[in-house]
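The values are calculated or read from the model by the stated rules, or taken from the named source; none is laboratory data. Since the model is a prediction, treat every value here as computed from it, not as a measurement. Cβ atoms come from the backbone with ideal geometry, glycine included; neighbour counts cover every protein chain shown.
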Amino acid sequence: MEKQWVLPRKLCDDELKLVQALATPMKCPLQIAELLYRKGLHNMDEIEDFFNPRMDKLYDPYLFEAMELSVNRIVKALNDNEQITIYGDYDVDGTTATALLYLGLKRIGALIDFYIPHRMIDGYGLSLNSLDYLKDNGSSLIISVDCGVNAQEEIEAINAMGMEIIITDHHNPKDDLPPAYAIINPKLSSCDYPYPDLAGVGVAYKLLCAIYKKMGLDTEENLLKYMDLVAVGTIADIVPLTGENRIFAYIGLKHLIDKKNLGLNALIQISGMNQKSLDATDIVFGIAPRINAAGRMGSAALAVELLISTEEEKSQELAEIIERQNSLRQQEDQKTFHEACEIIEKKYKDINRTSCMIISSDDWHQGVIGIVASKLVEKYYRPVIMISFKDGFGSGSGRSVADFDLFEALKATSGNLHSFGGHKYAVGLTIYQEYIDRFENELTRYVADNMKLEQIKPPLSIDYEVELYDINEFLLDWMERFAPFGPDNTRPVFVTHRVIVANYPYNVGRNHLKLKVVKDGIHLDLIGYNLGDYLTLLKKNSVIDIAYTLEYNRFANKTTIQGKLRDIHIHNL
């Protein structure tokens, strides 16, 4: 789908002088200084903090509302040898947060267990089905991670059964909060914590830091011990990689490379990733899908068992099981995606007049509909909700487009839903089949009334216009210091106008475009993932504008600079 290129505003003369004033002492390319300036980094101290994230820049965990109350309760449970159960969600964020608190509390003598709901049996988040098990298991204190902030009925039941619960979550709360012992969530309206964008594992980590601080155990070794888990959960949850999240990702990736966690190391080995050069992309496309596969195709408890494993042989066995589950998940993904596309093409005859897409089936695996919904948004660029029905009751996943709040849309149509949760761009819901038509009508009307027309065309933010002769290793080495890349800190997108296709373009793999371009005598190799449909429109000597990112391509002991195409505008000659 053609993208709308959003060019950066032009800097005024005074701003250009400030950019030059940054570039001179840093001895960096002017492009780098301008990228830093546009990020709001206007002095050397800010730039130093950005390029060299440090643990001492993390906020005091006691800035969280209810942190003191929560820590005192947990310390009491430790002293009284109470049974504590960590109750986590089944995605990467939830499983890493569960493993983090399990390991971190067990290490200081807690009587500890964990529970992960089964997607098919329990559904999302805290489940009434699980409470008898927790009570019978002797749990007196439950700590939820990455879930619970909207579990009104379930927490009332926990209280009635004589247990207590501390909620740690990062999802948007509804208007009425559940009656938990304490709630730690940076998105609470009453919370003054300075950084609201933590993932669930980040909130869990802040709780562990607070416990260690209270007990005088907040040494550098203890605070760093599980940072690889924090990094994996944070990066996988696609939260902004700014502020504290950038510190977690930056430091945690180094710990991941150092092979601190046996389970993560086994996953990395079995997936064939290069242990010495792991980055955020490896997490998102390598580690995260495998951890998620456990919860999508079976029980996510398997993933937690892997992450807390202390035996190399057991770690390898669990990683092999998860690898097989991931293969099954990929097959199910492809099958469901093709079926969903067929339904959409039949149901929505005029895509241009379609504001959102709600599709359902009795045959879809609940574990893959979230992934497929994301792919459908990428293809059609509309908010998409997919619902899998079983015996008249549906579980759904929704994904949104840039700047449209799908969580708010569900709030406006919540009278049709049994339950829902999530955030702006990703939601989950349950619904009885008899309400599906009314829900679809109301949601479609809401989206049409509240989504701007320009949101229908995917935006592509451009960071800088360069010429091919500007591209060299000096520029790229500086640019790599911006890593780890992720939301709100994406790899810079460059534009070069009127380059000439220097070879005959061709496709590789699954619809990936390969070509070489030239301008002013300088050549650049390009690859465009999922851009193979351009092949019929391009030929040798075509004149095109290219939007792309830059990265090193390391192959067979040879390192070259490669452009990764994001979009193409073709000139008509």
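Observations, loosely collected:
- Candidate set from region 401-432 (those that are touching a strand residue (DSSP E or B) at 6+ places or on another chain (Cβ under 6 Å) and in a helix (DSSP H, G or I)); member that is farthest from Gly125 (Cα to Cα): Leu406
- Scanning region 444-495 for residues that are small (Gly, Ala, Ser) and either closer than 22 Å to Tyr425 by Cβ or in the same structural domain as Val284 (by TED's automatic domain parsing) (or both) yields Ala448, Ser461, Gly486.
- On the stretch given as region 374-397, residues that are more than 16 Å from Glu440 (Cα to Cα) and not in a loop (DSSP other than H, G, I, E, B) total 8.
- Residues that are at pLDDT below 95 and either more than 24 Å from Leu103 (Cα to Cα) or in contact with a Cys (Cβ under 7 Å, 6 or more places away or on another chain) (or both) within region 241-279 comprise Ser271, Gly272, Met273, Asn274, Lys276, Ser277, Asp279, listed in sequence order.
- Residue in region 507-524 that is within 24 Å of the chain's Cα centre (by Cα), crowded, with 16+ Cβ neighbours inside 10 Å, more than 20 Å from Val466 (Cα to Cα) and not assigned by TED's automatic domain parsing to the domain that holds Leu198 present: no
Residue-wise test of (1) of a type in the set (Gly, Ala, Ser); (2) in a loop (DSSP other than H, G, I, E, B).
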{"residue": "Leu241", "(1), (2)": "no, yes"}
{"residue": "Asn245", "(1), (2)": "no, no"}
{"residue": "Leu256", "(1), (2)": "no, no"}
{"residue": "Leu264", "(1), (2)": "no, no"}
{"residue": "Met273", "(1), (2)": "no, yes"}
{"residue": "Ala288", "(1), (2)": "yes, no"}
{"residue": "Val304", "(1), (2)": "no, no"}
{"residue": "Glu320", "(1), (2)": "no, no"}
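- Which numbered condition Met67 misses (of (1) under 30 Å from Ile165 (Cβ atoms); (2) surrounded by fewer than 13 Cβ atoms within 10 Å (Cβ to Cβ); (3) of a type outside the set (S, T, N, Q)): (2)
- Residue in region 318-325 that is surrounded by 17 or more Cβ atoms within 10 Å (Cβ to Cβ), under 30 Å from Ile358 (Cα atoms) and free of Cβ contacts under 8 Å to residues at least 60 places away in the same chain present: yes
- Filter result for Asn172 (in contact with a Cys (Cβ under 9 Å, 6 or more places away or on another chain) and among the polar types (S, T, N, Q)): no
- Considering the conditions (1) over 16 Å from the mean Cα position of the chain (by Cα); (2) at negative phi; (3) of a type outside the set (D, E, K, R), Leu241 is excluded by exactly one of them, (1).
- Candidate set from region 441-489 (those that are of a type in the set (Phe, Trp, Tyr) and over 24 Å from the mean Cα position of the chain (by Cα)); member that is farthest from Thr549 (Cα to Cα): Tyr446
- Candidates in region 349-360 are the residues that are at pLDDT 95 or above and farther than 18 Å from Pro458 by Cα; of these, the one that is surrounded by the most Cβ atoms within 10 Å (Cβ to Cβ) is Ile359.
- Within region 477-534, tally of residues that are of a type in the set (Ser, Thr, Tyr) and within 16 Å of Leu460 (Cβ to Cβ): 4
- In region 270-306, the residues that are over 20 Å from Ser374 (Cβ atoms) and of a type outside the set (A, V, I, L, M, F, W, C): Ser271, Gly272, Asn274, Gln275, Lys276, Ser277, Asp279, Gly298, Ser299, Glu305
- Count - residues of region 533-573 that are in a strand (DSSP E or B) and touching a strand residue (DSSP E or B) at 6+ places or on another chain (Cβ under 9 Å): 24
- Scanning region 230-239 for residues that are outside any loop (DSSP other than H, G, I, E, B) and out of contact with any Leu (no Cβ under 6 Å at 6 or more places or on another chain) gives Val230, Val232, Gly233, Thr234, Ile235, Ala236.
- Looking only at residues in region 381-412 that are within 25 Å of Leu460 (Cβ to Cβ) and touching a residue at least 60 places away in the same chain (Cβ under 8 Å), the one that is surrounded by the fewest Cβ atoms within 10 Å (Cβ to Cβ) is Tyr381.
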